[in-house]
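Novice: Take this structure first; my questions come after.
The values are calculated or read from the model by the stated rules, or taken from the named source; none is laboratory data. Just so we're clear, the structure is a prediction, and the values are computed from it rather than from any experiment. Cβ coordinates were reconstructed from backbone atoms using ideal geometry, including for glycine residues, and neighbour counts include every protein chain displayed. Note: areas computed on protein heavy atoms with side chains; ligands, DNA, RNA excluded. Shrake-Rupley method; radii C 1.70, N 1.55, O 1.52, S 1.80 Å.
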Amino acid sequence: MTEGNNMPEDDTEGQGEVPAGAPAEEKKENGDSKVTVPEQAAAPGTEEVEFVHPEGGWGWLVMLAAMWCNGSVFGIQNAFGILFLSLLREFGSEDDDDLRFKTAWVGSLSMGMIFFCSPIVSVFTDILGCRVTAVGGAAVGLVGLLASSFVTSLGPLYFTYGIVFACGCSFAYQPSLVILGHYFKKRLGLVNGIVTAGSSVFTITLPFVLSGLLERVGLQNTMRVLCILMFVLMLAGFTYKPLLPVKSINTHTGSRFPPISKIFNINIWKSLGYRIWAFGIPAALYGYFVPYVHLMKHVEERFGTDASKEVLLMCIGITSGVGRLIFGRAADYVNGVNKVYLQVTSFFIIGLMSMMIPLCHIFGGLIAVCLLMGLFDGCFICIMAPIAFELVGDEDVSQAIGFLLGLMSVPMTVGPPIAGFLRDRLGSYDVAFYLAGIPPIVGGAVLCLIPWVEAKRKRKEKEEALNKEQDVTQKMIEHEKAQEDAQSKTGESVL
């Protein structure tokens, strides 16, 4: 599932512009970095304190807390297919022709809200800091999940699980991306890989745990057990001890809240490459979440209720973790925006694998499909942040990722209900999975335009720079000629 786009350490406690007095990062010759932290209200001539990332220590505990956050938030979301089956049995009616359509809205609304809240969460992180935002978000998620365990119909679940629980998860998740930059610089890539692997570990194990709990204690008590994960997540948020000073966001009026110009950075939208990326990614995701919601029910209908359907989610989780490590490393060797081609390949494979699901009449074939789907899902996820860096630069990357996640919320939300509606009307999931494979292929084709657009932009900038240099040279020549003429006239007047 989509997660793990860690922000740069320059954006540690906020994504706004760095005002005077905030830490300034300097690059050393060996590629390491240090942050110079001037003391507040220091007298003139006072020596500045150099901040060096600890590269460990308390940071390892912060890394484990962030890993738990990734795992618990997206592990529950990715395992919704198991809860989906239980919801159908618990709240379903044989007379309801739109049962799957209505039930799918619970999971897809939850996933969509996590991404929809991303731009808002970044503002709260700027104002309140990582620790307060993360702990408060986990507490809200705990309340939403606990309330979901007491409902007796689908309607309230849309609010308790789809909105309250999901918003809490969003507020708990995003600070975990930011805080790592306080503790790591040289090892940040390794730490990112470990943290994002948390969701893979939970995706592998949670389906089996949920299946056992649902059989033994039922749906309501299973949700109460899941509340333990959120409680631990709330405790994990207390480890987010900031090392860098909180950036000053007070305005000249004394208000605690930053001006709108600092909240919404319009510079990112000036890049045509980013605009194409921000359109192509959401366009590709209309069918992305469909297998996570409906694959379990499809397996039951085709292979019977005794089929080991949890194995499929386990396969996706394992290869997704492997894909993040392999393609994350491979992306380091791909220059510039050409990294987009890795994402294009991922979408093509994911789309084709979605179309292959109805064609698999042997369970082993479905396992092979899920292994490939998970591998390239990991590829798609791990290179989102590097591509954002290439398109908008270091200073604007945080908001670029935040807005992209917000735009992704729409397709992530509406895709599964549409698939459920098609199943209710047509009697099988075949057409739904065929159609789910089309958006990734179309979106991938759109992304192919980005390298061409960026190459054209760079040629234009190079030509403009060359023309400007020629103009400056011409003006210098004219200026020197004018000086020579003036000197010659002065000599003639003297004679």
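Novice: Keeping to the range 210-244, report how many residues are in contact with a Lys or Arg (Cβ under 7 Å, 6 or more places away or on another chain) and assigned to a helix (DSSP H, G or I).
Specialist: Counting residues in the range 210-244 that are in contact with a Lys or Arg (Cβ under 7 Å, 6 or more places away or on another chain) and assigned to a helix (DSSP H, G or I) gives 1.
Novice: Working only within the range 411-422, note down all residues that are open to solvent by 10 Å² or more (accessible area, probe 1.4 Å) and modelled with pLDDT of 85 or more. First the steps, then the outcome.
Specialist: Step one: filter the range 411-422 for residues open to solvent by 10 Å² or more (accessible area, probe 1.4 Å), giving 413-414, 418, 421-422.
If the condition is that a residue be open to solvent by 10 Å² or more (accessible area, probe 1.4 Å) and modelled with pLDDT of 85 or more, then 418, 421, 422 are the ones that fit.
Novice: Being part of a helix (DSSP H, G or I), under 24 Å from residue 449 (Cβ atoms) and assigned by the TED database to the domain that holds residue 277 narrows it down to one of 344, 334, 322, so name that one.
Specialist: Working: 334 fails: part of a helix (DSSP H, G or I); 322 fails: under 24 Å from residue 449 (Cβ atoms).
None of the other options fit; the residue is 344.
Novice: Also, quick follow-up: Could you list all residues from the range 275-310 that are β-branched (Val, Ile, Thr) and either under 20 Å from residue 439 (Cα atoms) or surrounded by 17 or more Cβ atoms within 10 Å (Cβ to Cβ) (or both)?
Specialist: We begin by selecting, within the range 275-310, every residue β-branched (Val, Ile, Thr); these are 276, 281, 290, 293, 299, 305.
Matches in the range 275-310: 276, 281, 290, 293, 299.
Novice: I need a count of the residues in the range 111-163 that are among the hydroxyl-bearing types (Ser, Thr, Tyr), under 16 Å from residue 176 (Cβ atoms) and surrounded by fewer than 18 Cβ atoms within 10 Å (Cβ to Cβ). Spell out how you get there, then give the answer.
Specialist: Taking the range 111-163 and keeping what is among the hydroxyl-bearing types (Ser, Thr, Tyr), we get 118, 122, 125, 133, 148-149, 152-153, 158, 160-161.
With under 16 Å from residue 176 (Cβ atoms) added as a condition, the list becomes 118, 122, 125, 133.
Remaining after also requiring surrounded by fewer than 18 Cβ atoms within 10 Å (Cβ to Cβ): none.
Residues in the range 111-163 being among the hydroxyl-bearing types (Ser, Thr, Tyr), under 16 Å from residue 176 (Cβ atoms) and surrounded by fewer than 18 Cβ atoms within 10 Å (Cβ to Cβ): 0 in total.
Novice: Residue 434 fails exactly one of the following numbered conditions: (1) touching a residue at least 60 places away in the same chain (Cβ under 8 Å); (2) farther than 21 Å from residue 274 by Cα; (3) open to solvent by less than 10 Å² (accessible area, probe 1.4 Å). What is the number of that condition?
Specialist: The number of the failed condition is (3).
Novice: Another one. What are the pairs, 6+ residues apart or on separate chains, where a residue within the range 450-472 that is part of a helix (DSSP H, G or I) has its Cβ under 9 Å from a residue that is open to solvent by 90 Å² or more (accessible area, probe 1.4 Å) and at pLDDT 80 or above?
Specialist: Close Cβ pairs (under 9 Å, with a partner that is open to solvent by 90 Å² or more (accessible area, probe 1.4 Å) and at pLDDT 80 or above) amount to 451/341.
Novice: Condition first: within 22 Å of residue 412 (Cβ to Cβ), at pLDDT 85 or above and not in a helix (DSSP H, G or I). Now tell me which residues in the range 93-149 satisfy that.
Specialist: 117, the sole residue that qualifies.
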